[in-house]
Amino acid sequence: MIPFFRRLEESNHVLVAGCGGGFDVYAGMPLAAHLLALGKHVIFANFSFTNLWLSGGERLLPTMWRVDRQSSDIPYFPEKWLVEWLAARGCAAPVYAFAKSGVRPLRAAYRWIMEQHGIDLTLLIDGGTDSVIFGDEPGLGSAIEDAVSIVAVHEAAGPRAMLAAIGFGVDHYQGVSHHAFLENTARLTRDGGFLGAFSLSSDSDEAAAFLDLVGYANQRQPQHKSIVCNSIASAVRGEFGDYHATNRTSGNEMFINPLMSQYWTFDLPHLVHHMVYAEKLAETERMEDAKQVIEFWRETAELRPRRPIPL
């Protein structure tokens, strides 16, 4: 058994949280379905791109809301579609949403959830692989939200936290270097921070749950279908190459491939140890502060050269 699954089995109350915003929490549904089948208690959270001030949800902290079926039907609301999908399957797991912020408010929100629900493991989920960054990569993609979430959870949960990233290749169009991701994974392997990789099998119950959830969200939000989740779903179904599941990717060359359906898992403290600006990020209050920390560091640092992956 790979270390990742051993740690899942040893936990009873697991927080499955999307770390990069948007639909990231959906990419954790296969793992949540696995945990629920084992009889574990699962709570959901997401670093949200929704305008939560218009959500009608219960505001519990300055940057955190509880989302339920009575929340407003606003055009972009992945967290509510998740609540509806879970309820239709008889699951009343709590769902929380975080407004964009720096590390300090997000850390407080995670601590509140951990104390409220007795969380003994926090599982951060990234759709894509731009969360596995040290800071000196040639391209970061949309890694600011990921970095804020990673540092906040590390400070709130300590060693009781892991990261699972799925969607290798999906964020190439955002400038992510997959050579750098593989290099980082190799370094984390040497340090003991890589907890194993495994594929989401198309004929599994976990894959069926994920595909059904993505399909439901596509129906509820047809004008803004998730590029990442639909790309992963395409890979799970066996599509390949320049395949477009949504017209939002028109004009971009896609590379749907079997590696997109593979989870890469990591120990969070090991990842934070390599993140060069983690200490500065920990002091931030606003997302703008976090962005400035990362941009300033990269302006004064020597970045790795961009290298292609040999085929």
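Considering only DSSP beta bridges with both partners in the chain, what is the antiparallel share in %, to the nearest 5?
The answer is about 45 percent antiparallel.
Hey, with R₀ at 45 Å, roughly what FRET efficiency would Ala92 and Phe296 work out to, going by the Cβ-Cβ distance, to 0.05?
Working from the Cβ atoms, E equals 0.50.
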Rounded to whole Å, sorted largest first: equivalent-ellipsoid semi-axes of segment 130-237, Cα gyration tensor
26, 17, 16
The number of Lys pairs in the chain whose alpha carbons lie under 18 Å apart, excluding pairs fewer than 8 residues apart on one chain, is 5
Taking protein heavy atoms only, a 1.4 Å probe, and rounding to whole percent, the accessible area of the chain owed to carbon and sulfur comes out at 50
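Among the chymotrypsin sites (Phe, Trp or Tyr not before Pro) within segment 222-278, which fall in a DSSP loop and have no more than 14 other Cβ atoms within 10 Å of their own Cβ?
Of the chymotrypsin sites (Phe, Trp or Tyr not before Pro), the ones in loops of segment 222-278 whose Cβ has at most 14 other Cβ atoms within 10 Å are Phe240.
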Out of the GluC sites (Glu not before Pro) in segment 1-65, which ones are loop residues according to DSSP with at most 16 other C-beta atoms within 10 Å?
Glu10
Ellipticity estimate at 222 nm from DSSP helix runs (n ≥ 4, -39,500 (n - 2.57)) divided over the chain, nearest 500
-12000 deg cm²/dmol
Relative contact order, percent, the chain [alpha-carbon distance under 8 Å, six or more residues apart]:
23
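If you take the square roots of the eigenvalues of the alpha-carbon gyration tensor of segment 47-118 and sort them as a ≥ b ≥ c, do you get rounded (a/c under 1.5), prolate (a/b over b/c) or oblate?
oblate
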Please label the shape of segment 218-311 as rounded, prolate or oblate, based on the square roots a ≥ b ≥ c of the eigenvalues of the alpha-carbon gyration tensor (a/c under 1.5 means rounded; beyond that, a/b larger than b/c means prolate, else oblate).
prolate
Any idea what the dipole of the chain comes to, in debye rounded to 20, about its Cα centre with Lys/Arg Cβ at +1 and Asp/Glu Cβ at -1?
280
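The values are calculated or read from the model by the stated rules, or taken from the named source; none is laboratory data. Quantities reported herein were computed from a predicted structural model and do not represent experimental measurements. So basically every Cβ, Gly included, is an ideal-geometry build from the backbone, and we count neighbours across all protein chains shown. These area figures cover heavy atoms from the full protein model, side chains too; ligands, DNA and RNA do not enter into them. Shrake-Rupley method; radii C 1.70, N 1.55, O 1.52, S 1.80 Å.
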